[in-house]
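Data block below; observations after.
The values are calculated or read from the model by the stated rules, or taken from the named source; none is laboratory data. In this text the structure is predicted, and so the values were computed from the model without any measurement. Please note: Cβ atoms are built from the backbone with ideal geometry, for glycine as well, and neighbour counts cover all protein chains shown. Only protein heavy atoms, including side chains, enter the accessible area calculation; ligands, DNA and RNA are left aside. Shrake-Rupley method; radii C 1.70, N 1.55, O 1.52, S 1.80 Å.
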Amino acid sequence: IPTMIQPPPMMAQQPMPPPPPPPATIATNAGVGQKRGREDGGDDLDAEPVKQKLRIGEMELEDEDNWLDANPGTIKLKILCPDEAKDKNLNGQTIDLEFKSGKETVLKIKQELKPLLGNLAQGKMKLEVKKMGFLKDANSLAYYNIKSGASIHLHLKKR
């Protein structure tokens, strides 16, 4: 009778413990055991956040306050209206508007346009600057860095 060889009993397999975390110190020429941080030894909590430039469409914009400081005075705008066959007040005309400063909002532009366009509802107006896109009512001319002499396109919202 052939004898069967029994395999050795299986040891209970225990999961391997996770590897230890990496040390929180680095070795440098100055010595071992320095904490990681800024090279000048300062605390990152005190550092000023780096302001990134606002990017809208293809345009990179300056901070609103900096732009206002660099561009004081009145702003003259050209509003390019569409030619709408069903609206006699929109015949492709250009409307010149003037504002005291860049603090004026897009909503203020629409308010100025309303009586000039036969009381066209502000909610039906969309204003666009090429390479930037459509402008939001709450933002100012300075927010968008719109200088005097700029052309703004008026579009009608389709509902």
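Looking at L107 and the list (1) modelled with pLDDT under 95; (2) open to solvent by 50 Å² or more (accessible area, probe 1.4 Å); (3) of a type outside the set (V, I, T), which single condition is not satisfied?
Condition (1) is where L107 drops out.
Restricting to region 106-132, name every residue that is without any contact (Cβ under 8 Å) to a residue 12 or more places away in the chain and either under 23 Å from the mean Cα position of the chain (by Cα) or within 22 Å of A70 (Cα to Cα) (or both).
K108
Which condition breaks for S151 when tested against (1) in a strand (DSSP E or B); (2) farther than 19 Å from L61 by Cβ?
Among (1) in a strand (DSSP E or B); (2) farther than 19 Å from L61 by Cβ, the lone unmet condition for S151 is (2).
If I filter region 84-98 for residues that are farther than 30 Å from D65 by Cα, hydrophobic (A, V, I, L, M, F, W, C) and free of Cβ contacts under 8 Å to residues at least 24 places away in the same chain, do I get at least one hit?
Taking every residue of region 84-98 in turn, at least one turns out to be farther than 30 Å from D65 by Cα, hydrophobic (A, V, I, L, M, F, W, C) and free of Cβ contacts under 8 Å to residues at least 24 places away in the same chain.
Those residues that are under 19 Å from N89 (Cα atoms) and among the hydrophobic types (A, V, I, L, M, F, W, C), I need them from region 111-159; list them, please.
L113, L116, L117, L120, A121, M125, L127, I152, L154, L156
Filter region 90-101 down to the residues that are surrounded by 13 or more Cβ atoms within 10 Å (Cβ to Cβ) and in contact with a strand residue (DSSP E or B) (Cβ under 6 Å, 6 or more places away or on another chain), then identify the one that is nearest to L61 (Cα to Cα).
By that ranking, first place goes to F99.
Working only within region 110-140, note down all residues that are of a type in the set (A, V, I, L, M) and over 16 Å from G57 (Cβ atoms).
Result: L113, L116, L117, L120, A121, M125, A138.
Taking strands (runs of 3 or more DSSP E) that do not extend beyond region 51-146, which have at least 1 residues that are in contact with a helix residue (DSSP H, G or I) (Cβ under 8 Å, 6 or more places away or on another chain)?
Per the criteria, 59-61, 75-80, 94-99, 125-129.
Residues being open to solvent by 70 Å² or more (accessible area, probe 1.4 Å), out of contact with any strand residue (DSSP E or B) (no Cβ under 6 Å at 6 or more places or on another chain) and either of a type in the set (A, V, I, L, M) or touching a residue at least 24 places away in the same chain (Cβ under 8 Å) (or both): count how many of those fall in region 133-159.
Residues meeting the conditions: 4.
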